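Enquirer: What follows is a single structure, and I will ask about it in a moment.
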Amino acid sequence: MSPPFVLIVDDEPQIRRLLTITLEAVGYQVMVAVTGQEGLVLAAQHRPELVILDLGLPDLTGQEVLRRLREWTQTPVVVLSVQDDEKGKVAALDAGADDYITKPFNTDELLARLRTALRHASRGKTEEPVFTAGDLVVDLASRRVTRKGQPVKLTATEYALLRLFIQHAGKVLTHHHILESVWGKNHAEQTHYLRVYVARLREKLEADPARPKLLQTEASIGYRLVAG
């Protein structure tokens, strides 16, 4: 198999250099773009397997680049963001980003996030009917959930929420996206629903609900189901 091809879209020379050196050192093929428009052109021409996208570009916003990418491709996109730009992160995730990395970033974490995004894209193509994480097994075809071999009883809403997380395992889902997907557009701002049901899922699925390892909180943004 050929190494994954990654497109970096970032206008900071130091970041482009760091990302290129880091990715090429572990075998990725890398192409870089300085502007959003250049990134869109290169993405259309070369069809990368993953895009790393800076939110602060000189010509287009990261959200605009994402929206235009999502018009024709589901290639995983990991956004780069300044540390305090929570609104930008949420907007990018709602626009279709798979994950985000804050600047400055740890290279080991970056590589782990990229591997997760690539696995998520691959899993989406194969549509595996059974999800496994530790002692949790969810058979999506039969709607059967077990933990340590014992059946787990879930309400219809709890199961719908878990299924959504599984379908996007490893990906950050925003509060707005989860609420709209499970409860509908009229409830997209009612985050108290979500907190209650996430707590219920943790009670049923986590070894220690107070220190969740499976269903993790992304502060001020949403939740992530940790896969593998």
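Enquirer: For residue 76, all conditions in the list (1) buried (at least 18 other Cβ atoms within 10 Å of the Cβ); (2) in the same structural domain as residue 194 (by TED's automatic domain parsing); (3) out of contact with any Ser or Thr (no Cβ under 8 Å at 6 or more places or on another chain) hold save one; what is the number of the exception?
Expert: Among (1) buried (at least 18 other Cβ atoms within 10 Å of the Cβ); (2) in the same structural domain as residue 194 (by TED's automatic domain parsing); (3) out of contact with any Ser or Thr (no Cβ under 8 Å at 6 or more places or on another chain), the lone unmet condition for residue 76 is (2).
Enquirer: Being of a type outside the set (Ser, Thr, Tyr), outside the structural domain of residue 96 (by TED's automatic domain parsing) and either in contact with a His (Cβ under 8 Å, 6 or more places away or on another chain) or within 27 Å of residue 86 (Cβ to Cβ) (or both) narrows it down to one of 150, 167, so name that one.
Expert: Sole residue among the options that is of a type outside the set (Ser, Thr, Tyr), outside the structural domain of residue 96 (by TED's automatic domain parsing) and either in contact with a His (Cβ under 8 Å, 6 or more places away or on another chain) or within 27 Å of residue 86 (Cβ to Cβ) (or both): 167.
Enquirer: Additional query: With the condition kept exactly as written, say whether any residue in region 33-47 is touching a strand residue (DSSP E or B) at 6+ places or on another chain (Cβ under 7 Å) and surrounded by fewer than 21 Cβ atoms within 10 Å (Cβ to Cβ).
Expert: yes
Enquirer: Which number in (1) buried (at least 18 other Cβ atoms within 10 Å of the Cβ); (2) in a helix (DSSP H, G or I); (3) free of Cβ contacts under 8 Å to residues at least 12 places away in the same chain marks the one condition that residue 201 misses?
Expert: In the conditions (1) buried (at least 18 other Cβ atoms within 10 Å of the Cβ); (2) in a helix (DSSP H, G or I); (3) free of Cβ contacts under 8 Å to residues at least 12 places away in the same chain, residue 201 misses (3) alone.
Enquirer: Here's a follow-up. Please find, within region 129-160, the residue that is surrounded by the most Cβ atoms within 10 Å (Cβ to Cβ) out of those that are in contact (Cβ under 8 Å) with a residue 12 or more places away in the chain and over 20 Å from residue 207 (Cα atoms).
Expert: Here the residue is 140.
Enquirer: Please find, within region 35-53, the residue that is nearest to residue 71 (Cα to Cα) out of those that are among the polar types (S, T, N, Q) and touching an Asp or Glu at 6+ places or on another chain (Cβ under 9 Å).
Expert: Looking at residues that are among the polar types (S, T, N, Q) and touching an Asp or Glu at 6+ places or on another chain (Cβ under 9 Å), I get 37.
The values are calculated or read from the model by the stated rules, or taken from the named source; none is laboratory data. No experiment lies behind these values; they were computed from the predicted model shown. Here Cβ is always computed from backbone atoms with ideal geometry, including for glycine, and neighbour counts include all displayed protein chains.
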